[in-house]
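To start, the structure under review is shown below, and the notes come after it.
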Amino acid sequence: MDAVLLSRIQFALTVGFHYLFPPLSIGLGLFLVIMEGQYLRTENPLYIKVTKFWVKIFALIFVLGVASGIVMEFQFGTNWSEYSRFVGDVFGSALAAEGLFAFFLESSFLALLLFGWNRVSPGMHFFSTIMVAFGAHLSALWIIIANSWQQTPAGHHIVETENGVRAEIVNFWQVVFNPSTIDRFTHVIFGCWLAAAFLVLSVGAYYMLRKRDIEFAKLNLKIGLVIAVLASILQLQTGHLSAITVSETQPAKLAAFEGHYTTNQPADMYLFGWVNEKEEKVQFGIRLPGFLSFLVHFDSQAPVVGLDSYALDDRPPVNIVFQTYHLMITIGMGLIFLSLLGLYLWWRKKLFTARWYLWILVFSVLLPQIANQVGWISAEVGRQPYIVYNLLRTEEAISTTLSTGEAWASLILFSLIYALLFALFIYLFNHKIQNGPEELEQNQGEQAG
């Protein structure tokens, strides 16, 4: 493996590890606002008990997200200096805005959220919770803007410099609202809500099965299920809109999603299959004839641009894009089913007694995380061979002084560090879950005394 491939693997590892945490903090921010808002409305102490418990989980997730995110950004300079030089004016503006307007807002009010209990008024504390949640969502927006510009560049021009060509902003708002920003942002946000909702459901189900903190568990299940139903259905809708945008702006990626090679033919949608890239066909699959054409053009006979319109060197790796895309969709549909099933059991007054469903919820916490990861893989690998679509190829973006040995050493080191950090996170997270809300309240009472 050369330095380019090793750097891609290293960045994928870093981003993948980092992206375990922001979806949870973004989604939990919404959950905290709902819980604390309900407490102010009803003065029911159960709501504040739930809020205080999840604030501790939120803080742990936030710390890991910040630590892993900083490392990710350093790699732009160490491994991808040519990329940084090319996109610095555009990408740097989005990252600067994220730091100034979003991260600063979120981290400033986080102190009040964590330590402001009984030190500021309930209204002020609730305002800090809203600002933390808003800051988390705003941070996601600026990161999505930067990434979406790589997918659908707009609002820039290419200039010649003594060090080579680079992109410079000519219209900031065209950069912000590039063709894929809104669809991708909403799709990501609903994925974050889903990840947090199923975390809350998993913990609530675990407590119900253990027959401890029953009222706490019931409230988690109820609110988590409402968010899960809403987010899973909206996720399906935004995913459809995002696919339509991809068909207009990145047709090679859409063709890779379904292993569609023939340009002048309607495109099928596969439930599953295996892409034989040498023979340019999908094997061992079940397909819905013309269904992709229908979803994109509302006409099952409409032709869709195929991969045969592109030279081999301009095509993304098809099978990995196909598999990750279909795994994302499969999990997404499964989450809709699980959410609606929970709603049905709630209506039948069986939600808290159906142990088989509660056990499913305990382990379902993994599904949104897997869907988020493979969704990003399909989006990013589907953009290849470009790191900035149609402007800069990935092989041209690598640092020219980076050696294969250095890439290997840093990859191994990061892998070890992230393994240790993840083990520490699991230990601390499990410790808080095992302690539960009752011990948390007791400890806070002792500290106050």
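The values are calculated or read from the model by the stated rules, or taken from the named source; none is laboratory data. Keep in mind that what you see is a predicted model, and the values were worked out from it rather than measured. Ideal geometry is used to build each Cβ from the backbone, glycine not excepted, and the neighbour counts take in all protein chains shown.
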*Tally of residues being outside any helix (DSSP H, G or I) and either over 16 Å from Q250 (Cα atoms) or free of Cβ contacts under 8 Å to residues at least 12 places away in the same chain (or both) across region 303-328*: 1
*Please give the number of the condition L424 fails out of (1) within 30 Å of H157 (Cα to Cα); (2) surrounded by fewer than 16 Cβ atoms within 10 Å (Cβ to Cβ).*
(1)
*Name every residue in region 316-332 that is more than 17 Å from the chain's Cα centre (by Cα) and under 20 Å from L230 (Cβ atoms), in order of residue number.*
none
_Cβ pairs under 9 Å, 6+ apart, first in region 400-419 and in contact (Cβ under 8 Å) with a residue 60 or more places away in the chain, second in a helix (DSSP H, G or I) and of a type in the set (D, E)_ = T400/E82
*asked:* Return the residues of region 245-295 that are farther than 22 Å from V374 by Cβ, part of a loop (DSSP other than H, G, I, E, B) and in contact with a Ser or Thr (Cβ under 6 Å, 6 or more places away or on another chain); say none if nothing qualifies.
replied: T263, G290
*Out of (1) within 19 Å of R383 (Cβ to Cβ); (2) touching a helix residue (DSSP H, G or I) at 6+ places or on another chain (Cβ under 7 Å); (3) surrounded by fewer than 21 Cβ atoms within 10 Å (Cβ to Cβ), what's the single condition that is false for I158?*
(2)
*Of the conditions (1) among the hydrophobic types (A, V, I, L, M, F, W, C); (2) touching a Leu at 6+ places or on another chain (Cβ under 6 Å); (3) crowded, with 22+ Cβ neighbours inside 10 Å, F62 fails just one. Which one is it?*
(2)
_Take S415 and tell me if it is of a type in the set (G, A, S) and part of a helix (DSSP H, G or I)._
yes
*Restricting the search to region 366-403, which residues are among the polar types (S, T, N, Q), more than 15 Å from the chain's Cα centre (by Cα), at pLDDT 85 or above and surrounded by 19 or more Cβ atoms within 10 Å (Cβ to Cβ)?*
Q384
*asked:* Just to be sure before I move on: is F284 over 26 Å from A196 (Cβ atoms) and at pLDDT 85 or above in the structure I sent?
replied: yes
*Is it the case that region 82-99 has a residue that's closer than 30 Å to D2 by Cα, of a type in the set (S, T, Y), in a helix (DSSP H, G or I) and more than 24 Å from the chain's Cα centre (by Cα)?*
no
*Would you check if there is a residue in region 41-48 being within 25 Å of T401 (Cβ to Cβ), out of contact with any His (no Cβ under 8 Å at 6 or more places or on another chain), in a helix (DSSP H, G or I) and aliphatic (A, V, I, L, M)?*
no
*asked:* Whether any residue in region 126-139 is in a helix (DSSP H, G or I), over 20 Å from F31 (Cα atoms) and at pLDDT 85 or above is what I want to check.
replied: no
*asked:* If I go through region 45-75 residue by residue, how many of them are hydroxyl-bearing (S, T, Y) and either under 25 Å from T14 (Cα atoms) or in contact with a Gly (Cβ under 6 Å, 6 or more places away or on another chain) (or both)?
replied: 1
_Going through I433, I417 one at a time, which residue ends up being among the aliphatic types (A, V, I, L, M), surrounded by fewer than 18 Cβ atoms within 10 Å (Cβ to Cβ) and touching a Phe, Trp or Tyr at 6+ places or on another chain (Cβ under 9 Å)?_
I433
*Say we look at region 281-302 and pick out the residues that are touching a residue at least 24 places away in the same chain (Cβ under 8 Å) and in contact with a helix residue (DSSP H, G or I) (Cβ under 7 Å, 6 or more places away or on another chain); which of these is surrounded by the most Cβ atoms within 10 Å (Cβ to Cβ)?*
V296
